[in-house]
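Here the structure comes first, spelled out in structure tokens, and everything after it is commentary.
The values are calculated or read from the model by the stated rules, or taken from the named source; none is laboratory data. Since the structure is predicted, the reported quantities are computational estimates derived from the model, not experimental observations. Neighbour counts are summed over all protein chains in view; Cβ atoms, including those assigned to glycine, are modelled from backbone coordinates with ideal geometry.
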Amino acid sequence: MSLRGRFVAYLAALHVLFAGVAALLLRRDRLWLLAVETVFLLSFVVGASLVSRLFGALSLVRESAAYLAENDYSTRIRETGQRDLDALIAVYNAMVDSLRTERLKLQEQHHLLSTVLEVSPSGFLSLDYDGGVEFANPQAEALLGLPLAAMKGRPLAQLASPLARSLAAVAPGRTEVVALPAGRRVKCHHGSVLDRGFRRTFVLMDELTEELRLYEKAAYEKLIRMVSHEVNNSVGASNSLLHSCLNYSRHLPEEDRADFEAALRVVIGRTEKLSAFVRGFADVVRLPAPTRHPCDLADLLEDVARLMTPAAAQRGVSLRHETERGVPPAELDRVQMEQVLVNIVKNAIEAAGREGRVVLRLDRRDGVAQVGVEDSGPGIAAEARASLFTPFYTTKPDGQGIGLTVAQEVLRQHRFDFSLDSPVGGPTRFTIFVPLSR
């Protein structure tokens, strides 16, 4: 039995008891008995009415609690005309109005945030309490190379993405620039927020590749022009004086002339090497825009292989080419692209080592030609990967880092994508993706 039923039963039992007692005491005086019984009946009716009104208020409380449990903030309770009960109803209606307004505001803010994240050029990852990926916007999916479905619930360190593994190493609260293959660099911030009493983390990613490349290019172009100007002016004037001194050598005694001329020729040779050294850097700055013409890529690779075979043979390296025939011509500057391939093949020959091998490959996939240079070397050291495409960076004791810088600049001017894959233990493969002519 409900509490309301028990309360009514209690009132009924109490009034029946009093009515029975009154009947025993007043059975001889029928008028007083009738009056008392009438009073008891009215008392029971009034008591039942009060119980009904009291439990009516409780039913409103239960009903309002049910609305709140169902997150129904649109239903309002009508006033009953009872002052005390209407005050409670007014409080409830004001509360649900406020909750409904806050809910709409949160929904609008969530929709705005979702829209911003969808079109944002920055990648955004949110992680759950256990560090697994919970949400990724489209730019984050593009940077990581994985769809959200493949990342959902998995820690960053377990994802098959170089960027994800680098992100896992960034400590919370830190901002770092992460280097990726093919010279790409991404600025990553690992932040955290307090959510319902627990700390959750998120990651923001901004690709800085083009921005940093333009900044670096402007810086090294200015430096190279200044150095080239000063060195060439000094070398030109110095060599002119040195050659004049050589002409003066005939006036010297025979026993001193040979040493004098040898010394001057050593100095002239060194200044000419210095001038050639600086010209190598200046060539990067003076690189002209590509002059594009239809080019047979198979013929281009065969010519490069023929040109570099003697250099490979001197180092005991096997050099061959594997080209798919029937690949349509591509619009490119053949002279510049040949120089790119020569630089890449030269690096591959040096990396392959004696009795190693270098393979030039050409194949076609989805309307794009893939020009690859693969060597059997041990791969690129982990400490060199981050700086590999930094301008003029080199791991060779006598290197200048010009070859890869020129190659990168030529490919960017052609707007050709490229990649450098080098797992531990090799092989290393440099791939150029060339759009084919229609």
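With respect to the conditions (1) closer than 28 Å to Ser422 by Cβ; (2) at pLDDT 85 or above; (3) in a strand (DSSP E or B), Val177 falls short on a single one, namely (2). For the stretch 160-174, the set of residues classified as farther than 16 Å from Asn137 by Cβ and in a helix (DSSP H, G or I) consists of Pro162, Arg165, Ser166, Ala168, listed by residue number. Could you list, ordered by first residue, the pairs with Cβ atoms under 7 Å in which the first is in the stretch 321-348 and assigned by TED's automatic domain parsing to the domain that holds Ser422 and within 29 Å of Gly379 (Cα to Cα) and the second is surrounded by 15 or more Cβ atoms within 10 Å (Cβ to Cβ) and basic (Lys, Arg), at least 6 apart or interchain? Short answer, once both residue conditions are applied: Glu322/Arg361; Glu324/Arg364. Scanning the stretch 353-369 for residues that are surrounded by fewer than 19 Cβ atoms within 10 Å (Cβ to Cβ) and within 21 Å of Arg334 (Cβ to Cβ) yields Arg361, Asp363, Arg364, Gly367, Val368. List, please: which pairs have Cβ atoms under 7 Å, are six or more places apart or on different chains, and start with a residue in the stretch 408-425 that is hydroxyl-bearing (Ser, Thr, Tyr) and end with one that is buried (at least 16 other Cβ atoms within 10 Å of the Cβ) and part of a loop (DSSP other than H, G, I, E, B)? Pairs found: Ser422/Gly379; Ser422/Ile380. Contact annotation: residue pairs with Cβ atoms under 6 Å, 6 or more positions apart or on different chains, pairing a residue in the stretch 161-188 that is basic (Lys, Arg) with a partner that is in a helix (DSSP H, G or I) and modelled with pLDDT under 80, are Arg184/Thr209; Arg185/Thr209; Arg185/Leu212.
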